[in-house]
Amino acid sequence: MVDHFNVSYLYKKRGVFYFSKRVPCDVKSYYRSDRIVICLKTKSNVSAIRASKSLYQKLDDYWTSIRLTKMQVPAQHMLVSKPPVNSNSNAPLLSEALSTYLKLKGEGKDKTFIRGANRNIKYVIELLGDLPIDEYSSKDASKFRDYLLDRGLLISSVKRVFSYIRSIINLSLSEEGINCINAFSKTYMPEKNNVEIRKPIPTKDIKHIQSLCVEKDDDLRWLVALLSDTGMRLGEGVGLLKSDINLNCEIPHINLVSHPWRRLKTKSSERVIPLVNESLWASKRILGHNKDSLFAFPRYTSSKGCNANSASAALNKWLKDKLTDNYVVHGFRHSFRDRLRAIECPSEIIDQLGGWSLKSVGKGYGKGYELSVLSKWILNMY
């Protein structure tokens with residue numbers, strides 16, 4: 001797997017994407033030039049990212065093979081295939097349980113499923129270590145729960161992470177015929193109501209936060225400002241391409257569509273959202289910054305995936321320091337609906353703007369309201 005792929009290896013010339021990568025110093029003698037440039041023969045952002053990622057991986061594999069060939073390994077005769085684990089357990093390591101799970105359950109599943117499994121197991125290993133699956137304790141599981149909560153994850157998100165881990169360990173226990181209790185199976189989860197901590201953020205607090213965003217003026221604050229005036233879900237905003245943001249038109253707007261690295265929740269989530277006030281300010285800052293990147297928020301999104309959980313943890317921590325009540329970033333979405341209700345905006349327009357599922361079959365007919373109508377109602381919120 002390539003860990004260092006970066007869309008900065010892409011550039012456009014006459015509308016067509018090119019891949020460009022400097023040759024590492026230690027393999028320059030194998031090349032006639034110190035830079036590799038390849039025309040990708042596409043004008044599509046998504047196709048260019050896919051093709052360049054494949055090229056990068058092939059180059060990285062080739063360069064690694066060169067380095068291994070040249071490498072002199074001291075005491076090679078003493079090496080073992082993998083480091084010994086200081087344990088008397090015959091159970092597989094958690095990383096091995098993951099491999100078994102993906103082999104048996106991953107076939108035919110989309111990349112989101114595989115990324116989720118890998119990411120959640122990575123969280124456990126980072127905190128608790130890669131242990132035999134029967135050596136994790138209930139105390140370890142509680143420590144892991146607290147670690148996720150401290151990072152700002154909601155209870156519902158923590159429960160999803162634990163669900164993944166339980167499934168992975170349970171399958172391995174069954175396959176190996178191991179009779180023991182899964183340490184992650186009965187971890188207590190606080191019954192704090194997610195609806196309560198996701199409550200709408202009052203308008204005066206939204207304005208206060210927006211002013212702080214302008215003052216701080218960095219990518220995290222652009223994200224907050226963008227969400228506060230569009231009602232987008234966090235993952236929807238984090239996973240945007242810059243090309244999804246359209247400013248050179250009569251009504252600036254976001255064209256929210258699904259991407260390989262970030263799927264949308266429902267069909268109705270695919271929508272067009274007018275940009276006004278702080279969301280328009282944030283969009284201008286996004287497009288004017290880090291021009292080598294195709295992504296609106298490259299800190300959290302790449303062609304490999306969209307890490308909305310990390311963004312959520314960072315933003316919720318910041319909001320907690322700035323607001324007196326226990327608000328979270330998803331509260332902007334709740335507030336967006338309430339602000340539209342307060343000006344007696346028709347429910348169909350509210351649903352279309354927020355990507356909420358339509359409540360009746362009849363409302364699903366037709367293409368929906370024009371951008372000019374949607375923009376008028378959002379502007380009426382101010």
> Given the Cα-Cα distance of residue 181 and residue 211 and 0.36 nm per residue of separation, how much length would full extension add, in nm?
Replying inline: 5.7 nm
>> List the pairs from 58/304; 111/267; 41/367 whose alpha-carbon separation is above 25 Å, in the order I gave them.
In response: 41/367
>> Please compute the volume of the convex hull spanned by the alpha-carbon atoms of the chain and report it per residue in Å³.
In response: 196
>> Projecting each Cα onto the charge dipole of segment 94-192 (Lys/Arg +1, Asp/Glu -1 at the beta carbon, about the Cα centre), which of 144, 132, 172 comes out farthest on the positive side?
In response: 144
> So for segment 204-275, taking the charge dipole from beta-carbon charges (+1 Lys/Arg, -1 Asp/Glu), which of 245, 231, 220 sits furthest toward the positive end?
Replying inline: 231
> Local charge sum around residue 254 (other residues, Cβ-Cβ under 10 Å, Lys/Arg +1, Asp/Glu -1)?
Replying inline: -1
> Nearest 20 debye, what's the magnitude of the dipole of the chain about its Cα centre given +1 on Lys and Arg Cβ and -1 on Asp and Glu Cβ?
Replying inline: 1080
> Mind checking the angle between helix 155-176 and the chain's longest principal axis? C-alpha axes, 0 to 90 degrees, to the nearest 10.
Replying inline: 30
> If you average 1/r over all unlike Cα pairs in segment 197-379 and invert the result, what Kirkwood radius do you get in angstrom?
Replying inline: 16.6
>> As an exercise, use a Förster radius of 30 Å and the Cβ-Cβ distance of residue 248 and residue 34 to find the FRET efficiency, rounded to the nearest 0.05.
In response: 0.25
>> From the helices alone, meaning DSSP H stretches of at least four residues, give me the mean residue ellipticity at 222 nm for the chain, per-run term -39500 (n - 2.57), in deg cm²/dmol to the nearest 500.
In response: -15000 deg cm²/dmol
>> On a straight-distance basis, which lysines could pair with residue 322 in a cross-link, Cα separation under 17 angstrom, same-chain partners fewer than 8 positions away excluded?
In response: 199, 204, 207, 216
> Where a Cα-Cα gap under 19 Å defines reach, which lysines qualify for residue 186, not counting those fewer than 8 residues away within the same chain?
Replying inline: 139, 143, 159
> Hey, got a sec? Which chymotrypsin sites (Phe, Trp or Tyr not before Pro) in segment 97-192 land in a DSSP loop and have at most 14 other Cβ atoms within 10 Å?
Replying inline: 188
>> So the label point goes 7 Å from the Cα of residue 13 along Cα→C-beta, right? Which residues of segment 264-293 then have their backbone N under 12 Å from it?
In response: none
>> Charges on Cβ only, +1 for Lys and Arg, -1 for Asp and Glu, centred on the Cα centroid of segment 268-382; of 352, 303, 318, which one is farthest towards the dipole's positive end?
In response: 303
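Readers should treat all values here as calculations from the given coordinates under stated rules, not as data from a laboratory. Only a predicted model underlies this, so the values are computations on that prediction, with no experimental measurement involved. We place every Cβ from the backbone using ideal geometry, glycine too, and count neighbours over all the protein chains shown.
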